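**Student:** First, the structure itself, so that you have it in front of you.
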Amino acid sequence: MARQGQFKNCSSVKTLGLVVWCAWACAVTTTVSADVDTSTGLGDNTLTNAVVEEPEFTDVIQNVTVPAGRSVRLACSVKNLGSYKVAWMHFEQSAILTVHNHVITRNPRVSVTHDKHRTWFLHISDVREEDKGRYMCQINTVTAKTQFGYLHVVVPPTIDDSLSSSDVIVREGANVTLTCRANGSPKPTIKWKRDDNSRISITKGHSVLEWEGEVLEMLRISRLDMGAYLCIASNGVPPTVSKRVKVSVDFPPMLWIPHQLVGAPLYYNVTLECFTEAHPTSLNYWTRDDGHMIHESLKYHMENTVGALAYKTHMKLLIRHITSEDYGTYKCVAKNPRGESDGTIRLYTSSPPTTTPDPNAMTVPPPSRPPRRDTPASDKGTKYQSNLNEIDKGKQKTDEGGGKATFNWVEGASQVTGKADRRRTSYSIVLFYVSYFLFFKF
């Protein structure tokens, strides 16, 4: 009990040098036992020295790696401990944590257990980064026996906002420097990427998809570099963290007009267009040539559409039912704190569109009628005249029909009509010669 009392006094020891001294003070290498011989009644004391086997470590303390916030257990295995004591200490902090079954430190996260005095466990809950380092297990022999184990505490990365850049606004053409500081164990690495995965323009002729380092510097920034940049910190301990930094590039408005001359007929509708680029977002409106601003009405409808890039805007002005007073000059105007710009569109009168005939359409003529046959007379003169008339009529019909029958829209009918015409022509020639012969003969 005296030895235990001596060891308990070690709770006030705060340095490793005194720990060794305390171990020496409490060391017990022999056990002295006094045997009293009562059989003789002389009361003589016989001292007998009993040799006690010294304790030894049976295994090394394993090095342990644990993420911050978890719990960890270090094991120190001994044999032949007997009446000796085991203590745990944090070597770098020169702090006694436990002695035997007692917790010496005031840290509520530390506790100690044992397995029948053979294995002594040091428990640390909710591990923090400051808990890392060498831990010493010591037995209070005459020459203190010690062994060490190392506790690695890994800490996922965290970004220090107070030392990192926040959103920035710069003028076009200026230089921009973004900074990102991160803490963690092991020390985190920093990478920069654009939120939309486009390239980062470092200088005019140098662009990259990723930039590694705490500091990202971009020279002569342009509107194309505007957007969100991600600072990504990682050290192999999940989770990886990131910080989003928005870079805004200010510049005065610029205008692009696709059609500066627009023609439209009377009483038609027409749409005028302008494209603007500006940051901050510009105030966009339309005016007439006399400077009066155009307002939404039954006559006019205005529409502004933001493009894929936020600094681009598509301006439209719809003019309904054009009259002669609507012809003239129109202006699209864009203003922002950095400047002002305008563009001119002239609306003039044009002829209404004409209907173009379908080139595939065909006009089909009506079919011709076959020549009529007159009834022959018995009188020779009449017969002759009739034959001449027949010839003339046949010739006239042939001329009127073009001498061909191929204009008919039915292919079979075209062939039949053509053969009939040839037969009629041959018959007319025969009648002509017969009439001629009879006239001169008689």
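**Student:** Once ligands and nucleic acids are excluded and a 1.4 Å probe is used, how much of residue 232 is accessible, expressed in Å² to the nearest 10?
**Tutor:** Here the accessible area works out near 50 Å².
**Student:** Report the far tail of the P(r) of the stretch 257-349, meaning the percent of Cα-Cα pairs longer than 17 Å.
**Tutor:** Numbers: 2062 of 4278 pairs.
Beyond 17 Å sits 48 percent of the P(r) for the stretch 257-349.
**Student:** Average the reciprocal distances over every distinct pair of alpha-carbons in the stretch 198-353, invert the result, and give the Kirkwood radius in Å.
**Tutor:** For the stretch 198-353, inverting the mean 1/r across all distinct Cα pairs yields 18.7 Å.
**Student:** Excluding residue 205 itself, what net charge comes from residues whose Cβ is under 13 Å from its Cβ, given Lys and Arg +1 and Asp and Glu -1?
**Tutor:** Once all neighbours under 13 Å are counted, the net charge is +3.
**Student:** Just add up the charged neighbours of residue 195: K/R +1, D/E -1, any other residue whose Cβ is under 12 Å from the Cβ of residue 195.
**Tutor:** +4
**Student:** Another question, if that's okay. Label-point separation (nm) for residue 267 and residue 294, each offset 7 Å from Cα along Cα-to-Cβ?
**Tutor:** For the pair residue 267/residue 294, the computed spacing is 2.2 nm.
**Student:** Pull up all non-local amide H partners of residue 266: gap of 5 or more, or a different chain, and H-to-H distance under 5 Å with H placed in the peptide plane.
**Tutor:** Amide H to amide H, under 5 Å and 5 or more residues apart or across chains, residue 266 pairs with 350.
**Student:** Per q in 0.12, 0.17 Å⁻¹, report the Debye log10 I(q)/I(0) for the stretch 237-298, using one uniform scatterer on each alpha carbon and no solvent.
**Tutor:** Cα-only, vacuum Debye calculation for the stretch 237-298: -0.55, -0.85.
**Student:** OK, next. Contact order normalised by length for the stretch 87-202, with contacts defined as Cα pairs under 8 Å and 6 or more residues apart; what percent is it?
**Tutor:** Once normalised by length, the contact order is 17 percent.
**Student:** Counting Lys and Arg as +1 and Asp and Glu as -1, what is the net charge of the other residues whose Cβ lies under 15 Å from the Cβ of residue 293?
**Tutor:** Numbers: positive: 288, 299, 331, 335; negative: 289, 290, 296, 340, 342.
So the surrounding residues net to -1.
**Student:** Sticking with this structure for a sec: Show me, for the stretch 191-207, the HN-Hα J-couplings you get by feeding each phi into the Karplus relation (A = 6.51, B = -1.76, C = 1.60, θ = phi - 60°), rounded to Hz, glycine and proline as x.
**Tutor:** Going residue by residue, I get 10, 10, 9, 8, 5, 9, 6, 7, 6, 9, 8, 7, 10, 4, x, 10, 9 Hz, with x marking Gly and Pro.
**Student:** Let me ask something else. Beyond 31 Å between alpha-carbons counts as too far, so tell me which of 246/335; 246/331; 243/312; 116/187; 85/187; 191/316 fall in that bin.
**Tutor:** Values: 246/335 23 Å; 246/331 34 Å; 243/312 27 Å; 116/187 41 Å; 85/187 39 Å; 191/316 43 Å.
As for pairs spanning more than 31 Å Cα to Cα, those are 246/331; 116/187; 85/187; 191/316.
The values are calculated or read from the model by the stated rules, or taken from the named source; none is laboratory data. Small disclaimer: the values here were computed from a predicted structure and weren't measured. Here the Cβ is made from the backbone with ideal geometry for all residues, glycine too, and neighbour counts use every protein chain on show. To get the accessible areas, we keep the full protein, side chains included, count just its heavy atoms, and leave off ligands, DNA and RNA. Shrake-Rupley method; radii C 1.70, N 1.55, O 1.52, S 1.80 Å.
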